[in-house]
Each structure stands twice: as C-alpha cells, then as structure tokens.
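First up is the structure itself, then whatever we jot down about it.
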Amino acid sequence: MNAIEMKGLTFSYGGTSVLNGVYMTIPMGRFAALTGDNGAGKSTLIKILLGELPLTGETGSFEIFGADYKQFRDWKEVGYVPQQGMASYKDFPASVEEIVTANLYSRIGLFRFAGKKEKELVLEALTQVGMEPYRKRLIGELSGGQQQRVLLARALVNQPKLLILDEPTTGVDEKNTDEFYRLLKQFNHENGVTVFMVTHDRKRLSGLVDEVWHLENGVMIQTQTQEAENGDI
C-alpha cells in the first residue's frame with residue numbers, strides 16, 4: 001500500500017495555478033524528502049496532505065493509505081511537525097507534558113482531563129525523543145533543539161503511520177539537527193513510520209532518505225532514490 005499517491009493533481013488559488021499535474025507516490029515505510037525553491041508550492045502541497053485545503057473542482061487524484069482524500073477520516077494517523085512551530089508557544093505558560101497532551105484532545109475531548117492511557121502515551125512519546133526528564137519544564141525554557149523534539153513527541157503521541165515535517169530543523173544548531181534526523185531515521189526503521197519531510201538541507205539527505213522529490217513550477221520530479229545512489233538501479 002502507498003502512504004501517499006497523487007496522480008495528475010492540480011491546484012489553483014483563484015486564477016493562479018500552483019500545482020500543475022503532480023505525480024508522486026510514497027510507499028508505506030519509506031523516508032522521502034521534498035525540496036524546492038521558496039514559492040514553488042511546497043506549503044500548498046503540505047496543506048493538501050494535511051487535509052487543510054479542499055480539492056473541489058481540481059483535477060487529478062489524491063489518495064492517502066489507499067483511500068480517496070475526500071473519504072479519508074483517520075487524520076490522527078497523520079502526524080505533523082511544523083517549521084519553527086514552538087514560536088507560538090515561546091511565552092505560553094505550558095509545560096512540555098501539556099503541549100504533547102494537547103494533541104490528544106481529539107481522543108479525550110477538549111474539556112476533559114487525560115486519563116491513564118493518555119498519560120502513558122505522552123510519557124512514551126517523550127521518552128522516545130529523550131525529553132521525558134523535561135516533562136514538567138515550561139516550553140519556553142527549552143533550547144530550540146529541545147523544543148523541536150517536543151514537537152516531534154507531540155506528533156508521535158497519536159502513534160501515526162505517516163509523519164509530515166515542514167523544514168523541521170530551521171534555526172536549530174548542527175548538533176541538535178543531527179540528533180533530530182537520527183530520531184527520524186529510528187522511527188522510520190524501527191517503528192515503520194512513513195516520513196515525508198520538506199527541507200532545504202540537501203547536504204544531509206544522502207544516507208538519510210530513501211528518495212528525494214523536487215517541486216518546480218508546480219511539477220514534481222523524483223531526483224534521487226537510495227537504490228540509485230547505491231548503484232542498485
């Protein structure tokens with residue numbers, strides 16, 4: 001089964017065309033990267049993948065986990081790590097634990113307290129990214145790298161099958177970037193999580209991802225696969 005499959009997908013804002021017949025297939029369990037210049041349409045593509053943009057009137061097709069986009073309902077199976085996503089939380093008086101728990105509200109209800117099961121999921125997610133010792137700390141007290149790991153835990157707490165990341169290491173130092181990518185590779189290999197990451201960090205893609213896609217002028221091009229790099233195809 002494919003985690004993501006787009007066939008000839010188009011998208012326009014008003015009369016301005018953004019995606020011009022995108023073909024892209026990401027099989028389950030793969031680690032894929034998306035590159036492209038600013039304004040190429042990457043953000044639009046991410047919003048479509050997250051179900052945030054309607055495709056009414058657009059041509060082509062988009063399937064997620066084998067289901068048509070319009071019929072897909074299991075959005076908790078799709079985790080998301082935004083670019084510099086902690087900026088809105090910087091001065092917010094919330095703990096690491098509370099930030100991660102907030103992503104479970106679709107499961108527990110907006111005005112209900114987390115139960116034992118939810119607390120276990122939060123602890124597991126924070127442990128996975130090495131942030132369990134910081135669970136009571138205020139989010140604004142953490143470094144940029146630590147904040148990004150909290151965001152990763154927040155995305156993983158629902159145990160998604162697909163993890164989408166939008167330039168997740170922007171503003172993060174070299175050491176923490178390497179650690180963040182190591183965690184992503186671990187979740188991909190050991191947990192079977194499909195990873196789709198938008199990035200400008202091309203120098204680190206070799207040996208990290210299985211395939212690289214490039215979006216230019218609204219058209220998607222597959223520029224690299226790990227098999228090709230290794231000389232297997």
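What follows is calculated from the coordinates using simple rules that are stated; it is not laboratory data. Note that the structure is a prediction, hence the values are computed from the model and not measured. So basically every Cβ, Gly included, is an ideal-geometry build from the backbone, and we count neighbours across all protein chains shown.
Observations on the structure shown:
- Relative contact order of the chain: 30 percent, from C-alpha pairs under 8 Å at least 6 residues apart in sequence.
- For the chain, the longest principal axis of the alpha carbon atoms and the long axis of helix 116-128 meet at an angle near 70°.
- Label-to-label distance for K76 and R202 is 4.0 nm, based on points extended 7 Å past Cα in the beta-carbon direction.
- Stokes-Einstein translational diffusion, the chain - Kirkwood Rh over all Cα pairs, 1.306 mPa s, 10 °C, in µm²/s: 86
- Residues V100, V18 arranged by fewest to most Cβ contacts within 10 Å: V18, V100
- Over the chain, DSSP H runs of length four or greater, each weighted -39,500 (n - 2.57), average out per residue to a 222 nm ellipticity of -8000 deg cm²/dmol.
- Taking the fewest neighbouring Cβ atoms within 10 Å as the starting point, the ordered list for W75, W213 is W75, W213.
- Once the Cα gyration tensor of the stretch 22-75 is diagonalised, semi-axes √(5λ) in Å: 19, 16, 10
- Pairs spanning more than 25 Å between alpha-carbon atoms, out of K76/K119; K70/K117; K161/K203: K70/K117; K161/K203.
- Over the stretch 131-189, volume per residue of the alpha carbon convex hull, in Å³: 92
- Computed from backbone phi, the HN-Hα couplings of the stretch 186-197 come to 5, 5, 5, 6, 8, 9, x, 6, 6, 10, 10, 10 Hz, rounded to whole numbers (Karplus: 6.51 cos²θ - 1.76 cosθ + 1.60, θ = phi - 60°; Gly and Pro given as x).
- The stretch 139-233: GluC sites (Glu not before Pro) in DSSP loop, at most 11 other beta carbons within 10 Å: none
- The residues D210, D178, D68, when put in order of fewest to most other Cβ atoms within 10 Å, stand as D68, D178, D210.
- Residue of G144, G14, G60 that the Gaussian network model of the chain assigns the largest fluctuation, springs spanning Cα pairs under 10 Å: G14
- Each of V195, G36, S143 was scored by the projection of its Cα onto the charge dipole of the chain, and the greatest displacement toward the positive side belongs to S143; charges sit on the C-beta of Lys, Arg, Asp and Glu.
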